[in-house]
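Have a look at the structure below, then the notes.
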Amino acid sequence: MSTQPNFAPDREQESIESRRSNLRPVEKRAITVAVAGNPNSGKSTLINAIAGTRLQVGNWAGVTVEKKEAIFEYGGCRIRLVDLPGTYSLSPYTQEEIIARDYLVHERPDLVINVVDATNLERNLYLTVQIMELGIPVVMALNIYDEAQAKGYRIDVPGIEKMLGITVVPTSATKKDGLDELLKKVLDTTANPTGQKPAQLGYGLDVETAIRLVSETLTVNQPALIERYPLRWLALKLIEADAHVIEETKIGTIAVLDEALHHLRNAHGEDIEALMADTRYSLASGLTREVLKKPELRKTDLTEKIDRVVLNRFLGIPIFLTAMWIMFKLTFDVSKPFADWVAAMISGPLTHWATALANLIHAPDWTVSLLTDGVIAGTGNVLGFVPMIFAMMFFITFLEGSGYMARAAFVMDRAMHAIGLHGKSFIPMLLGFGCNVPAIYATRTMENPRDKALTGLLIPLMSCGARLPVYIVFIGAFFPNHGGSVLWSLYVMGIGLAIFMGFIFKRTLFRGEAPMFIMELPPYRMPSFRSLMIHTWEKGKHFLVKAGTYILAVSIMVWFLLNLPWGVEHKKDSYLGKIGQVSAPVLAPLGFGTWEASSSLIAGLIAKEIVVGTMGEIYVKKDAEKKPETPTFGDDLKEAGTSLVKAGKESFSNVFSTLGVSSLSADENAEKAAERNPLRAELKKHFTPLTAYAFIVFVLLYMPCVIAAVAMVQEFRTWKWYGVAFAYQMVLAWGMACLVFQGGMLLGLGG
Amino acid sequence: MNLSKLRPGEKGTITAIGSIGPLKRRLMDMGILVGVEVKVLKVAPLGDPIEVTVKSYNLSLRKKEAEGISVEVAA
C-alpha cells in the first residue's frame, strides 16, 4: 500500500483548535475522545446523535477518507470527539486501519469509545481486543442493543466489564437510548486517575514470553521509542512483523526479537501473523461464549427473508435495476424543479435588480456585465447543483445505511469486475447519466483508492444530461427522422468506450492485483432519519463552500474570455474567438475546423450545454434586443414565493409520476430546441450530416466540464486523475470524431 | 476441497488458508481462521461472488479469493 503514515495533523483543523484553546478558561477540563468501531456498528448514527450539527466534516490529512470531529460541552467538561474510520481490525493494510491506529498511537486520545454491535459480538470484540492492547482507557458502547434484545439475545453486561476491565454501556443510537449514560461514564472514567486502564488480556504462555523478552530489550535499548509508542503494543507489532511499524521506527534487527520469533515459530509454525489473529479471535470467541446466550430456536430473520428475494438468482438483477431506476429518477427529478427555480430566480429577479442597482450608482457597463453575466451567473451555476448533490447524498447514504449498498455490489460485481471495477462502481456510473458531478462524489462509497480513481476516470464517458441539448439541436437540424437511433448510438458509444478504456487502464495505469472484494453483508436496518439528514446537509454544505469557490472563479474567467477586449462588435474578436481561431486547424481533420465550432467547444468547459448557447450567440445574428419589462420588487418577491411552491409541488409529483417527467426524456428538450430554430437553420449552412455527427461525438467525449473537474480534484485530493481524464478524453474525442468523419468520407457519406 | 467449490447450503470447516499477504490478513481479520466453520449461503446471480456465513455474520467474497481457503466438508 502506498499510503503514508499520517501523523501530520490536519493543519487547518489544528490551527482552529489552538485558537480555540487559547480562548478556553483555564480551569475547565478538556478531554479528547476517539470513537472506534466496526463498519455497520451504528458508529455514525451514534456520533450524529451525540454531536448533531456540531460535527465538522473534513478529510484526514492527505487521504480521501472522511474525518468527523465535534467539540461540545458536557457535564462541565469540554469534549472533543474524533470519529475514526470504521474498521474491522488495526492491521497495516488499508487506509482506514492505518489512519485509525496512527491516531490512537500518536495522538493518544484520553479515551476511546469502542462502538460494538451487540448483534454481532464476536467479530466486533476482535477489534476491542486490539484497541485494548494500546492501554488507552476504553468505554464500550454496546450498540444496537434493542435489536439484540428483540432477537432474544441475553448479554451479561457486568460479565464483559469484569473480564475486560472496562465500562460497558448498552446503547441504541437510532433511538438515542443510553447516550447520556455513555457520556457520563466517559467523564467518570477520565476523571478517575486509578484503575482506568483496561485489563491486560493474556495471549498464552508462548506469546507472553516473547512479549516480555522484546519489551525488556526495548526498555533498555530504545528509550526514545518507548516514549512514542505504548510498550506492549510495540512489542506485539514487532513480533507480528508489522511492516508499517518496522518502517516507521527504523528499528532494524534486534537479536532478542529474532530469538523470540524463533521460539514462537518452533512451537506454532511459520505464520506469526496468523498465530496472533488466532489468539485475538480466541479471546473474542471465549468472551462471547461466556457472556452471550442466544435463544435455542432461531427464527428466520428479516434480513434472510429479504435476501431470499433480493439476491435471488433470477429476481436479483431485475430488482436491483428497478431500485436503481427509482433512485436515479428520484435523485434527478426531485431536485430538478428546485434547481430550475434557483436558476430562474438568479437569472430573473436577482440579475435585473443587480443591474438596476448598478445603473443607479452609474457603474460602467462592463462592471454591470461582469457582475451579472460573470459573478451572478457563476453563483447560479454553483447553486443549481446543490439540490442534486443533496438528493444524491441522501439516497446514497440511505442505501448504505439500510444495508442494500452491499447487496448492490454483490449483485453487480461480476459484471463490473470484468473491466477492472468494483461492484460498487455501478451506482456512480449510473448517476453519471444524470450528471457527472454527483456521480464523482458518489465514488466515496468505495473503500479502495484504486477502485475510486478508476471509476472516477470512466464516469465522464457516461453521457450526462447537459450533453443532451447539444445532441437535440443537431439531431433536430440533421437527423429529424432518425433522432432515436442517433441518440441511442451516442449513449452506447459512451458505454462501449468506458468498457474499452476500463480494459486499457487495467493493463496500464492500474496494473497489478485488483483490490479485494471481501465485504460484510450487514443486516438490513432502517437508518435514522436524523443521521441521514445530518450527513446530507454536511455534504451539501461542503460542496457549496469548497467547490463553489472554484466554480465561481472559473465562471468569471470565462466571462473575461467571452467579453474582452470590452466592446468587441463581433465574438470573433473576443479572446475566446481568438483562441478559437488558433485552435480551429486542430479540428480540421474532424470536419469542423472553424473558429465558430472551436470557440463553442471551449465555452463548453463551463458545462457542455453551454456549447449550444454559445453557438446561438455566434451563428445567429442578434435581432434588436428586446427590452423585457422590469417588474417591481414586490412582483419579484411574490413570483419567487409562488414559483418555489410550484417547484415543491412539481418535485413531489415527480416522485409519483412514472415515465413521463424523467430528466432524460427528450420531449421537453425537444420543445426548447424548437425555439432555437434560427440556430438550426444556421447550422445547416455550416455543417453536413457527417460533420454534425462527428461534432456531437466530440461533444460526448471531450474533456469533463469544470464542475466535474472540481469534483474530481476535491474527491480524489489530487489533480492527477483530472489530468489523466482530460488527456485521455481529448485524445479519445479527437480520435473518434476523426474516425467518424474520415471513415464517412471514405464511404462516400460526405455530401 | 476449497471454499469456492462449495454449493449453496453446504458447510465446511476451514483447514488451511493458502492466500498470502494483505488478502490473508484481511480474511483472518474477518474471522476466516483455521478450525472455523463456514457455510455457503448464496452465489450471486451472475455466478460470482459468493455469500458465506462465518462467526454468525454474513460475508461476501469473490470465488478467486475463496479458492485459497481449504475446507473439509461436513458429512
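The values are calculated or read from the model by the stated rules, or taken from the named source; none is laboratory data. Only a predicted model underlies this, so the values are computations on that prediction, with no experimental measurement involved. Counting neighbours? That spans all protein chains shown, and the Cβs are built from the backbone with ideal geometry, glycine included.
Return the residues of the stretch A:36-57 that are part of a helix (DSSP H, G or I) and either at pLDDT below 90 or not charged (D, E, K, R) (or both); say none if nothing qualifies. Quick ask: steps written out before the conclusion?
Keep residues of the stretch A:36-57 that are part of a helix (DSSP H, G or I), which gives A:43-54.
Those that are part of a helix (DSSP H, G or I) and either at pLDDT below 90 or not charged (D, E, K, R) (or both): A:S44, A:T45, A:L46, A:I47, A:N48, A:A49, A:I50, A:A51, A:G52, A:T53, A:R54.
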List, please: which pairs have Cβ atoms under 7 Å, are six or more places apart or on different chains, and start with a residue in the stretch A:740-751 that is assigned by TED's automatic domain parsing to the domain that holds A:L490 and assigned to a loop (DSSP other than H, G, I, E, B) and end with one that is surrounded by fewer than 16 Cβ atoms within 10 Å (Cβ to Cβ) and at pLDDT 90 or above? none
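Just the residues that are aliphatic (A, V, I, L, M) and closer than 17 Å to A:G512 by Cα, please, taken from the stretch A:417-436.
Filtering the stretch A:417-436 down to residues aliphatic (A, V, I, L, M) leaves A:418-419, A:421, A:427, A:429-431.
Scanning the stretch A:417-436 gives A:A418, A:I419, A:L421.
Picking from B:L27, B:L33, which residue would you name as being free of Cβ contacts under 8 Å to residues at least 24 places away in the same chain and more than 27 Å from A:I317 (Cα to Cα)? Quick ask: steps written out before the conclusion?
Numbers: B:L27 fails: free of Cβ contacts under 8 Å to residues at least 24 places away in the same chain.
Residue meeting the stated conditions: B:L33.
Checking the structure you have, find out if any residue of the stretch A:382-391 is assigned to a helix (DSSP H, G or I), under 30 Å from A:L605 (Cα atoms), touching a Lys or Arg at 6+ places or on another chain (Cβ under 6 Å) and not assigned by TED's automatic domain parsing to the domain that holds A:T64.
Within the stretch A:382-391, the first condition is being assigned to a helix (DSSP H, G or I), and the residues that meet it are A:382-391.
In the following step, the residues that additionally are under 30 Å from A:L605 (Cα atoms) were identified as A:382-391.
Those still in the list that are touching a Lys or Arg at 6+ places or on another chain (Cβ under 6 Å) too: none.
The answer is no, given that none of the residues of the stretch A:382-391 is assigned to a helix (DSSP H, G or I), under 30 Å from A:L605 (Cα atoms), touching a Lys or Arg at 6+ places or on another chain (Cβ under 6 Å) and not assigned by TED's automatic domain parsing to the domain that holds A:T64.
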Any residue in the stretch A:715-738 that's at positive phi: show its pairings with residues that are of a type in the set (A, V, I, L, M) and modelled with pLDDT under 95 at Cβ separation under 6 Å, as long as the two are six or more apart or on different chains. none
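Does A:H362 count as more than 10 Å from chain B (Cβ to nearest Cβ), out of contact with any strand residue (DSSP E or B) (no Cβ under 6 Å at 6 or more places or on another chain) and closer than 30 Å to A:T209 by Cβ? I'd like the intermediate steps shown before the answer.
Details: more than 10 Å from chain B (Cβ to nearest Cβ): yes; out of contact with any strand residue (DSSP E or B) (no Cβ under 6 Å at 6 or more places or on another chain): yes; closer than 30 Å to A:T209 by Cβ: no.
Here the answer is no, as A:H362 does not meet what is asked.
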Just need a number here: residues in the stretch A:303-359 that are loosely packed, with under 15 Cβ neighbours inside 10 Å, more than 29 Å from A:F433 (Cβ to Cβ) and within 14 Å of another protein chain (Cβ to nearest Cβ). 3
Could you grab me the full set of residues in the stretch A:525-568 that are surrounded by fewer than 19 Cβ atoms within 10 Å (Cβ to Cβ) and not in a helix (DSSP H, G or I)? A:R525, A:M526, A:L564, A:P565, A:W566, A:G567, A:V568
Single residue of the stretch A:505-524 satisfying the filter (in contact (Cβ under 8 Å) with a residue 40 or more places away in the chain and outside any loop (DSSP other than H, G, I, E, B)) that is surrounded by the most Cβ atoms within 10 Å (Cβ to Cβ): A:M519
Filter pass, A:T367 being closer than 23 Å to A:I556 by Cβ, out of contact with any Gly (no Cβ under 7 Å at 6 or more places or on another chain) and touching a residue at least 40 places away in the same chain (Cβ under 8 Å): no
Testing A:I610 on (1) β-branched (V, I, T); (2) out of contact with any Cys (no Cβ under 9 Å at 6 or more places or on another chain); (3) surrounded by 16 or more Cβ atoms within 10 Å (Cβ to Cβ), one condition comes back false. Which one is that? (2)
I'd like the residue in the stretch A:72-81 that is surrounded by fewer than 20 Cβ atoms within 10 Å (Cβ to Cβ) and of a type outside the set (S, T, Y) and, out of all such residues, is nearest to the other protein chains (Cβ to nearest Cβ). A:R80
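For the stretch B:1-10, name all the residues that are within 10 Å of the chain's Cα centre (by Cα) and of a type in the set (K, R).
If the condition is that a residue be within 10 Å of the chain's Cα centre (by Cα) and of a type in the set (K, R), then B:K5 is the only one that fits.
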How about the stretch A:212-271: which of its residues are on the phi > 0 side of the Ramachandran plot and either of a type in the set (D, E, K, R) or touching a Lys or Arg at 6+ places or on another chain (Cβ under 8 Å) (or both)? A:K250
Residues that are hydroxyl-bearing (S, T, Y) and either part of a helix (DSSP H, G or I) or without any contact (Cβ under 8 Å) to a residue 60 or more places away in the chain (or both), drawn from the stretch A:168-212: A:S172, A:T174, A:T189, A:T190, A:T194, A:T209
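Of these, B:K5, B:K24, B:K42, B:K63, which one is closer than 25 Å to A:L121 by Cβ, in contact with an Asp or Glu (Cβ under 9 Å, 6 or more places away or on another chain), surrounded by fewer than 22 Cβ atoms within 10 Å (Cβ to Cβ) and more than 7 Å from chain A (Cβ to nearest Cβ)? Before the answer, list the steps.
Numbers: B:K5 fails: closer than 25 Å to A:L121 by Cβ; B:K42 fails: more than 7 Å from chain A (Cβ to nearest Cβ); B:K63 fails: closer than 25 Å to A:L121 by Cβ.
Step by step, each of B:K5, B:K24, B:K42, B:K63 is checked, and only B:K24 is closer than 25 Å to A:L121 by Cβ, in contact with an Asp or Glu (Cβ under 9 Å, 6 or more places away or on another chain), surrounded by fewer than 22 Cβ atoms within 10 Å (Cβ to Cβ) and more than 7 Å from chain A (Cβ to nearest Cβ).
Determine, yes or no, whether A:S285 is part of a helix (DSSP H, G or I) and outside the structural domain of A:T379 (by TED's automatic domain parsing). Spell out the reasoning first.
On the way: part of a helix (DSSP H, G or I): yes; outside the structural domain of A:T379 (by TED's automatic domain parsing): yes.
Yes, satisfied.
Against the condition within 7 Å of chain A (Cβ to nearest Cβ), surrounded by 18 or more Cβ atoms within 10 Å (Cβ to Cβ), under 24 Å from A:N448 (Cα atoms) and of a type in the set (G, A, S), how does B:G31 come out, does it pass? Spell out the reasoning first.
Numbers: within 7 Å of chain A (Cβ to nearest Cβ): yes; surrounded by 18 or more Cβ atoms within 10 Å (Cβ to Cβ): yes; under 24 Å from A:N448 (Cα atoms): yes; of a type in the set (G, A, S): yes.
For B:G31, the condition - within 7 Å of chain A (Cβ to nearest Cβ), surrounded by 18 or more Cβ atoms within 10 Å (Cβ to Cβ), under 24 Å from A:N448 (Cα atoms) and of a type in the set (G, A, S) - is met.
Taking the stretch A:409-432, which residues are within 11 Å of another protein chain (Cβ to nearest Cβ), within 20 Å of A:R450 (Cβ to Cβ) and assigned to a helix (DSSP H, G or I)? First the steps, then the outcome.
From the stretch A:409-432, those within 11 Å of another protein chain (Cβ to nearest Cβ) are A:409-418, A:422-423; that's our starting set.
The next check asks that each one be within 20 Å of A:R450 (Cβ to Cβ); those that pass are A:409-410, A:412-418, A:422-423.
Selection gives A:A409, A:F410, A:M412, A:D413, A:R414, A:A415, A:M416, A:H417, A:A418, A:G423.
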